[in-house]
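A.B. asks: Quick one: the structure is below, questions incoming.
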Amino acid sequence: MGLLNRDIELRLDLTDRCNFKCIMCFKGYETGRDQSRKSDMTVDFFKKITGEILPRVNILHLSAGYEPLLNKELPAILSEIKQKNVPQVVMTSNLMALTDHTADLLTDGYIHELHVSMDSADKNRYEMIRQKSDFDRVVSNLEKINHLKLLKKSKYPKIVFNYVLMKLNFNELKDFVDFSASLGIREINCAEFRVPYNYQKELLPVGSRGLPADFDLAEQHIDYSSPKIKKDLMQVVKYASGKGIFLNVPYKFDLNGSGTLMRRKQQVAHLWAKSSLMTFRGKMAFGLNYLKKYPIYRKVSCSFPWRQIILTATGEVLPCCTWSDSPSMGNIHGETLAQIWNNEKYFSVRAGIRDGNYPDACKECIVAMKKRHGI
Ligand code: SF4
(Lines give C-alpha, C1' and ligand atoms only; values in the text may rest on other atoms or scores of the structure.)
Protein backbone atom coordinates (compact mmCIF):
# COMPACT_ATOMS: atom_id res chain seq x y z
CA MET A 1 0.00 0.00 0.00
CA GLY A 2 1.42 3.37 -1.02
CA LEU A 3 2.21 6.27 1.24
CA LEU A 4 -0.75 8.25 -0.12
CA ASN A 5 -3.07 5.71 1.47
CA ARG A 6 -1.44 6.19 4.84
CA ASP A 7 -3.84 8.87 6.02
CA ILE A 8 -4.70 7.84 9.58
CA GLU A 9 -3.18 8.81 12.89
CA LEU A 10 -3.78 5.98 15.35
CA ARG A 11 -3.57 6.36 19.12
CA LEU A 12 -3.60 3.01 20.71
CA ASP A 13 -3.59 1.92 24.33
CA LEU A 14 -1.65 -1.31 24.87
CA THR A 15 -3.04 -1.58 28.37
CA ASP A 16 -5.54 0.13 30.63
CA ARG A 17 -3.19 0.04 33.58
CA CYS A 18 -0.84 2.64 35.02
CA ASN A 19 1.83 2.28 37.71
CA PHE A 20 1.40 5.91 38.87
CA LYS A 21 -1.50 7.73 40.47
CA CYS A 22 -0.96 11.26 39.20
CA ILE A 23 -2.98 13.95 40.92
CA MET A 24 -4.16 15.53 37.64
CA CYS A 25 -5.20 12.27 35.96
CA PHE A 26 -8.64 10.63 36.13
CA LYS A 27 -6.99 7.21 36.58
CA GLY A 28 -5.84 8.42 39.99
CA TYR A 29 -9.48 8.72 41.08
CA GLU A 30 -10.80 5.44 39.69
CA THR A 31 -12.56 3.42 42.34
CA GLY A 32 -14.80 0.34 42.57
CA ARG A 33 -16.04 -0.97 39.21
CA ASP A 34 -13.42 0.92 37.19
CA GLN A 35 -10.63 -1.00 38.91
CA SER A 36 -12.03 -4.38 37.91
CA ARG A 37 -11.72 -4.03 34.15
CA LYS A 38 -7.96 -3.87 33.80
CA SER A 39 -6.56 -5.61 30.76
CA ASP A 40 -3.53 -5.61 28.45
CA MET A 41 -3.70 -5.90 24.68
CA THR A 42 -2.26 -9.24 23.60
CA VAL A 43 0.04 -9.58 20.63
CA ASP A 44 -2.59 -11.81 18.98
CA PHE A 45 -5.25 -9.12 19.30
CA PHE A 46 -2.74 -6.56 18.09
CA LYS A 47 -2.03 -8.69 15.01
CA LYS A 48 -5.75 -9.09 14.38
CA ILE A 49 -6.27 -5.35 14.18
CA THR A 50 -2.98 -4.51 12.48
CA GLY A 51 -4.06 -6.41 9.38
CA GLU A 52 -6.86 -3.91 8.95
CA ILE A 53 -5.46 -0.66 10.32
CA LEU A 54 -1.68 -0.48 10.29
CA PRO A 55 -1.28 -0.32 6.47
CA ARG A 56 -3.37 2.90 6.62
CA VAL A 57 -1.46 4.51 9.50
CA ASN A 58 1.10 7.27 9.02
CA ILE A 59 1.60 8.10 12.72
CA LEU A 60 1.15 5.52 15.44
CA HIS A 61 1.03 6.67 19.06
CA LEU A 62 1.56 3.88 21.55
CA SER A 63 -0.53 5.28 24.39
CA ALA A 64 -3.77 7.14 24.57
CA GLY A 65 -3.36 7.73 28.30
CA TYR A 66 -2.15 4.54 29.97
CA GLU A 67 1.38 3.20 30.49
CA PRO A 68 2.60 1.08 27.54
CA LEU A 69 5.71 -0.28 29.30
CA LEU A 70 3.46 -2.33 31.60
CA ASN A 71 2.40 -4.57 28.74
CA LYS A 72 4.58 -7.69 28.98
CA GLU A 73 4.09 -8.39 25.27
CA LEU A 74 5.44 -4.98 24.24
CA PRO A 75 8.65 -6.37 22.61
CA ALA A 76 6.58 -8.71 20.40
CA ILE A 77 4.17 -5.87 19.56
CA LEU A 78 7.09 -3.57 18.65
CA SER A 79 8.46 -6.26 16.30
CA GLU A 80 5.08 -6.52 14.66
CA ILE A 81 4.95 -2.72 14.15
CA LYS A 82 8.44 -2.68 12.67
CA GLN A 83 7.45 -5.33 10.12
CA LYS A 84 4.57 -3.12 8.96
CA ASN A 85 6.93 -0.19 8.26
CA VAL A 86 4.82 2.42 10.04
CA PRO A 87 6.48 5.70 9.04
CA GLN A 88 6.32 7.36 12.46
CA VAL A 89 5.99 5.60 15.81
CA VAL A 90 5.61 7.65 18.99
CA MET A 91 5.45 6.26 22.52
CA THR A 92 4.31 8.20 25.59
CA SER A 93 5.53 6.78 28.88
CA ASN A 94 6.47 7.71 32.44
CA LEU A 95 9.55 5.51 31.85
CA MET A 96 9.42 3.97 35.32
CA ALA A 97 9.05 0.35 34.11
CA LEU A 98 11.80 0.45 31.49
CA THR A 99 13.70 -2.84 31.21
CA ASP A 100 17.11 -3.35 29.59
CA HIS A 101 15.48 -5.27 26.76
CA THR A 102 12.94 -2.51 26.05
CA ALA A 103 15.66 0.16 26.27
CA ASP A 104 17.54 -1.80 23.60
CA LEU A 105 14.51 -1.94 21.32
CA LEU A 106 13.73 1.76 21.79
CA THR A 107 17.26 2.73 20.76
CA ASP A 108 17.28 0.26 17.85
CA GLY A 109 14.78 2.36 15.92
CA TYR A 110 11.55 0.58 16.89
CA ILE A 111 10.30 3.95 18.21
CA HIS A 112 10.98 7.30 16.55
CA GLU A 113 9.82 9.61 19.35
CA LEU A 114 9.57 8.96 23.06
CA HIS A 115 7.38 11.39 25.02
CA VAL A 116 8.25 11.25 28.70
CA SER A 117 5.74 12.62 31.21
CA MET A 118 7.59 14.81 33.74
CA ASP A 119 6.32 17.93 35.43
CA SER A 120 9.18 19.01 37.65
CA ALA A 121 12.95 18.86 37.92
CA ASP A 122 12.59 18.72 41.71
CA LYS A 123 12.37 15.20 43.15
CA ASN A 124 9.89 16.10 45.92
CA ARG A 125 7.63 18.11 43.66
CA TYR A 126 7.69 15.48 40.91
CA GLU A 127 6.84 12.66 43.32
CA MET A 128 4.12 14.84 44.87
CA ILE A 129 2.47 15.34 41.46
CA ARG A 130 3.11 11.83 40.14
CA GLN A 131 2.18 9.67 43.10
CA LYS A 132 3.87 6.23 43.31
CA SER A 133 6.72 7.45 41.11
CA ASP A 134 10.47 7.41 41.76
CA PHE A 135 12.28 10.46 40.38
CA ASP A 136 15.76 8.91 40.61
CA ARG A 137 14.74 5.81 38.73
CA VAL A 138 13.07 7.75 35.92
CA VAL A 139 16.12 10.03 35.53
CA SER A 140 18.42 7.02 35.52
CA ASN A 141 16.27 5.41 32.81
CA LEU A 142 16.49 8.60 30.74
CA GLU A 143 20.26 8.51 31.13
CA LYS A 144 20.28 4.85 30.14
CA ILE A 145 18.50 5.66 26.87
CA ASN A 146 20.85 8.58 26.19
CA HIS A 147 23.84 6.33 26.86
CA LEU A 148 22.57 3.61 24.51
CA LYS A 149 21.84 6.16 21.78
CA LEU A 150 25.40 7.39 22.05
CA LEU A 151 26.82 3.87 22.06
CA LYS A 152 24.81 2.81 19.01
CA LYS A 153 25.12 6.20 17.29
CA SER A 154 21.34 6.09 17.04
CA LYS A 155 19.21 9.22 16.59
CA TYR A 156 16.16 7.28 17.83
CA PRO A 157 14.19 7.76 19.89
CA LYS A 158 14.00 11.52 19.97
CA ILE A 159 13.00 12.33 23.55
CA VAL A 160 10.34 14.97 24.27
CA PHE A 161 9.10 16.00 27.72
CA ASN A 162 5.37 16.33 28.45
CA TYR A 163 4.79 18.85 31.25
CA VAL A 164 1.28 19.46 32.64
CA LEU A 165 1.34 23.14 33.59
CA MET A 166 -0.39 23.94 36.90
CA LYS A 167 -0.04 26.61 39.59
CA LEU A 168 1.93 24.01 41.52
CA ASN A 169 4.78 23.84 39.00
CA PHE A 170 4.42 27.04 36.99
CA ASN A 171 7.32 28.80 38.72
CA GLU A 172 9.60 25.80 38.17
CA LEU A 173 9.37 25.83 34.42
CA LYS A 174 12.69 27.69 33.98
CA ASP A 175 14.48 25.11 36.19
CA PHE A 176 12.87 22.39 34.10
CA VAL A 177 14.32 23.97 30.96
CA ASP A 178 17.79 23.72 32.57
CA PHE A 179 17.07 20.13 33.57
CA SER A 180 16.05 19.29 29.99
CA ALA A 181 19.18 20.96 28.62
CA SER A 182 21.34 18.91 31.02
CA LEU A 183 19.83 15.73 29.56
CA GLY A 184 20.14 16.92 25.97
CA ILE A 185 16.35 17.08 25.54
CA ARG A 186 15.33 19.80 23.11
CA GLU A 187 11.53 19.84 23.24
CA ILE A 188 9.04 20.39 26.05
CA ASN A 189 5.29 20.16 25.48
CA CYS A 190 3.42 22.14 28.13
CA ALA A 191 -0.04 20.61 28.32
CA GLU A 192 -3.20 22.37 29.41
CA PHE A 193 -4.29 21.33 32.91
CA ARG A 194 -7.84 19.98 33.24
CA VAL A 195 -9.58 18.86 36.40
CA PRO A 196 -10.36 15.12 35.96
CA TYR A 197 -14.08 14.45 35.50
CA ASN A 198 -14.05 12.07 38.51
CA TYR A 199 -11.88 14.24 40.80
CA GLN A 200 -12.68 13.95 44.49
CA LYS A 201 -10.75 16.16 46.88
CA GLU A 202 -10.96 13.58 49.66
CA LEU A 203 -9.02 11.07 47.50
CA LEU A 204 -5.99 13.38 47.19
CA PRO A 205 -2.96 11.88 48.90
CA VAL A 206 -2.54 14.83 51.25
CA GLY A 207 0.46 14.63 53.57
CA SER A 208 1.95 11.32 52.42
CA ARG A 209 4.16 12.88 49.78
CA GLY A 210 4.06 16.46 50.90
CA LEU A 211 0.79 17.69 49.35
CA PRO A 212 -0.33 20.58 51.59
CA ALA A 213 -3.41 19.82 53.70
CA ASP A 214 -5.39 22.65 52.09
CA PHE A 215 -4.42 21.65 48.53
CA ASP A 216 -7.31 21.56 46.07
CA LEU A 217 -6.68 20.38 42.51
CA ALA A 218 -9.69 22.38 41.30
CA GLU A 219 -7.70 25.58 42.00
CA GLN A 220 -4.71 24.64 39.85
CA HIS A 221 -5.86 26.37 36.65
CA ILE A 222 -3.55 29.04 35.34
CA ASP A 223 -5.06 32.33 34.26
CA TYR A 224 -3.40 32.82 30.87
CA SER A 225 -5.05 36.21 30.46
CA SER A 226 -3.15 37.61 33.44
CA PRO A 227 -0.43 40.10 32.27
CA LYS A 228 2.01 38.71 34.84
CA ILE A 229 1.50 35.10 33.70
CA LYS A 230 1.87 36.17 30.06
CA LYS A 231 5.08 38.05 30.82
CA ASP A 232 6.55 35.21 32.90
CA LEU A 233 5.66 32.52 30.38
CA MET A 234 7.01 34.55 27.50
CA GLN A 235 10.29 34.99 29.37
CA VAL A 236 10.64 31.23 29.85
CA VAL A 237 9.83 30.62 26.17
CA LYS A 238 12.63 33.05 25.24
CA TYR A 239 14.98 31.52 27.81
CA ALA A 240 14.31 28.03 26.41
CA SER A 241 14.79 29.28 22.88
CA GLY A 242 18.19 30.68 23.87
CA LYS A 243 19.15 27.19 25.02
CA GLY A 244 17.96 25.61 21.77
CA ILE A 245 14.84 24.15 23.41
CA PHE A 246 11.41 24.39 21.83
CA LEU A 247 8.85 25.06 24.55
CA ASN A 248 5.31 24.36 23.38
CA VAL A 249 2.94 26.54 25.38
CA PRO A 250 -0.65 25.51 26.24
CA TYR A 251 -3.24 26.23 23.63
CA LYS A 252 -5.03 28.79 25.80
CA PHE A 253 -1.95 30.98 25.96
CA ASP A 254 -2.24 33.72 23.34
CA LEU A 255 0.99 35.49 22.55
CA ASN A 256 1.21 39.19 21.94
CA GLY A 257 2.30 40.61 18.55
CA SER A 258 6.08 40.47 18.95
CA GLY A 259 5.78 37.17 20.80
CA THR A 260 3.86 35.66 17.90
CA LEU A 261 6.55 36.67 15.42
CA MET A 262 9.29 35.24 17.62
CA ARG A 263 7.24 32.07 18.01
CA ARG A 264 6.70 31.64 14.27
CA LYS A 265 10.44 31.89 13.67
CA GLN A 266 11.08 29.39 16.46
CA GLN A 267 8.44 27.00 15.10
CA VAL A 268 9.95 27.03 11.60
CA ALA A 269 13.43 26.37 13.02
CA HIS A 270 12.03 23.62 15.22
CA LEU A 271 10.12 21.93 12.39
CA TRP A 272 13.21 22.07 10.24
CA ALA A 273 15.28 20.39 12.96
CA LYS A 274 12.51 17.92 13.74
CA SER A 275 12.08 16.87 10.10
CA SER A 276 15.62 15.49 10.08
CA LEU A 277 14.51 13.14 12.86
CA MET A 278 11.58 11.77 10.91
CA THR A 279 12.10 8.70 8.79
CA PHE A 280 12.02 9.36 5.04
CA ARG A 281 8.75 7.42 4.86
CA GLY A 282 7.47 9.52 7.76
CA LYS A 283 8.23 12.78 5.98
CA MET A 284 6.69 11.63 2.72
CA ALA A 285 3.55 10.15 4.29
CA PHE A 286 3.00 13.18 6.49
CA GLY A 287 3.63 15.69 3.70
CA LEU A 288 1.56 13.94 1.05
CA ASN A 289 -1.37 13.37 3.33
CA TYR A 290 -1.24 16.89 4.67
CA LEU A 291 -1.49 18.21 1.10
CA LYS A 292 -4.23 15.74 0.23
CA LYS A 293 -6.33 16.56 3.28
CA TYR A 294 -5.57 20.25 3.58
CA PRO A 295 -8.79 21.50 1.89
CA ILE A 296 -10.88 19.54 4.43
CA TYR A 297 -8.82 20.84 7.34
CA ARG A 298 -9.39 24.39 6.21
CA LYS A 299 -13.17 23.99 6.36
CA VAL A 300 -13.51 22.55 9.85
CA SER A 301 -12.26 23.72 13.23
CA CYS A 302 -11.19 20.22 14.22
CA SER A 303 -10.12 17.51 11.81
CA PHE A 304 -9.67 14.68 14.30
CA PRO A 305 -12.83 12.67 13.43
CA TRP A 306 -11.64 12.58 9.79
CA ARG A 307 -8.05 11.51 10.39
CA GLN A 308 -7.55 10.16 13.88
CA ILE A 309 -8.62 7.01 15.72
CA ILE A 310 -8.25 6.27 19.41
CA LEU A 311 -8.35 2.58 20.16
CA THR A 312 -8.47 1.58 23.81
CA ALA A 313 -7.04 -1.64 25.21
CA THR A 314 -10.58 -2.99 25.52
CA GLY A 315 -11.30 -2.29 21.83
CA GLU A 316 -13.41 0.86 22.16
CA VAL A 317 -13.03 3.29 19.23
CA LEU A 318 -13.07 7.04 19.99
CA PRO A 319 -12.51 10.05 17.72
CA CYS A 320 -10.42 11.92 20.29
CA CYS A 321 -8.52 11.14 23.50
CA THR A 322 -10.57 13.66 25.48
CA TRP A 323 -13.62 11.42 24.85
CA SER A 324 -12.50 8.79 27.39
CA ASP A 325 -15.62 9.34 29.52
CA SER A 326 -18.01 9.55 26.55
CA PRO A 327 -19.84 6.87 24.53
CA SER A 328 -17.54 5.17 22.05
CA MET A 329 -18.16 4.92 18.30
CA GLY A 330 -18.10 1.12 18.56
CA ASN A 331 -16.00 -1.79 19.76
CA ILE A 332 -13.55 -3.55 17.51
CA HIS A 333 -14.34 -6.91 19.16
CA GLY A 334 -17.82 -6.84 17.63
CA GLU A 335 -17.33 -5.00 14.32
CA THR A 336 -14.53 -4.23 11.88
CA LEU A 337 -12.91 -0.87 12.08
CA ALA A 338 -14.25 -0.01 8.63
CA GLN A 339 -17.81 -0.63 9.88
CA ILE A 340 -17.24 1.60 12.89
CA TRP A 341 -15.49 4.31 10.85
CA ASN A 342 -18.51 4.51 8.53
CA ASN A 343 -21.31 4.08 11.07
CA GLU A 344 -24.09 6.55 11.93
CA LYS A 345 -22.44 7.66 15.17
CA TYR A 346 -19.21 8.65 13.46
CA PHE A 347 -21.10 10.45 10.69
CA SER A 348 -23.13 12.46 13.17
CA VAL A 349 -19.99 13.47 15.12
CA ARG A 350 -18.37 14.65 11.87
CA ALA A 351 -21.51 16.46 10.77
CA GLY A 352 -21.80 18.15 14.18
CA ILE A 353 -18.21 19.42 14.11
CA ARG A 354 -18.47 20.49 10.47
CA ASP A 355 -21.66 22.49 11.18
CA GLY A 356 -20.52 23.92 14.50
CA ASN A 357 -22.92 21.77 16.57
CA TYR A 358 -20.25 20.19 18.72
CA PRO A 359 -21.04 16.92 20.47
CA ASP A 360 -21.25 17.12 24.28
CA ALA A 361 -17.81 15.47 24.62
CA CYS A 362 -16.26 18.42 22.73
CA LYS A 363 -18.01 21.22 24.61
CA GLU A 364 -15.12 21.97 26.98
CA CYS A 365 -12.45 21.55 24.33
CA ILE A 366 -10.41 24.62 23.54
CA VAL A 367 -10.46 23.71 19.82
CA ALA A 368 -14.24 23.76 19.85
CA MET A 369 -14.31 26.93 21.93
CA LYS A 370 -11.93 28.79 19.65
CA LYS A 371 -13.50 27.19 16.59
CA ARG A 372 -10.20 26.76 14.82
CA HIS A 373 -7.92 23.96 13.86
CA GLY A 374 -4.55 24.01 15.48
CA ILE A 375 -3.59 20.61 16.77
S1 SF4 B 1 -13.32 19.42 19.05
FE2 SF4 B 1 -11.84 18.94 20.70
S3 SF4 B 1 -12.77 17.25 21.91
FE4 SF4 B 1 -13.85 17.37 19.92
S5 SF4 B 1 -12.80 15.90 18.62
FE6 SF4 B 1 -11.82 17.90 18.23
S7 SF4 B 1 -10.07 18.01 19.65
FE8 SF4 B 1 -11.42 16.34 20.35
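A.B. asks: Assess whether Y297 counts as being more than 13 Å from the ligand (Cβ to nearest atom) and either surrounded by 12 or more Cβ atoms within 10 Å (Cβ to Cβ) or modelled with pLDDT of 90 or more (or both).
C.D. replies: Considered against the rule, which asks whether it is more than 13 Å from the ligand (Cβ to nearest atom) and either surrounded by 12 or more Cβ atoms within 10 Å (Cβ to Cβ) or modelled with pLDDT of 90 or more (or both), Y297 comes out as no.
A.B. asks: With the requirement that a residue be touching a residue at least 60 places away in the same chain (Cβ under 8 Å) and among the aliphatic types (A, V, I, L, M), what does the stretch 157-174 give you?
C.D. replies: Result: V164, L165, M166, L173.
A.B. asks: With a cut-off of at least 3 residues that are without any contact (Cβ under 8 Å) to a residue 40 or more places away in the chain, name the strands (runs of 3 or more DSSP E) lying wholly within the stretch 30-137.
C.D. replies: Once the strands (runs of 3 or more DSSP E) in the stretch 30-137 are filtered for at least 3 residues that are without any contact (Cβ under 8 Å) to a residue 40 or more places away in the chain, what remains is 88-93.
A.B. asks: If you go through the stretch 327-352, how many residues are small (G, A, S) and assigned to a helix (DSSP H, G or I)?
C.D. replies: 4
A.B. asks: Looking at the stretch 231-270, which of its residues are closer than 20 Å to D178 by Cα, β-branched (V, I, T) and either outside any loop (DSSP other than H, G, I, E, B) or modelled with pLDDT of 90 or more (or both)?
C.D. replies: V236, V237, I245
The values are calculated or read from the model by the stated rules, or taken from the named source; none is laboratory data. Remember, predicted model here, so these are calculated numbers, not experimental data. Here Cβ is always computed from backbone atoms with ideal geometry, including for glycine, and neighbour counts include all displayed protein chains.
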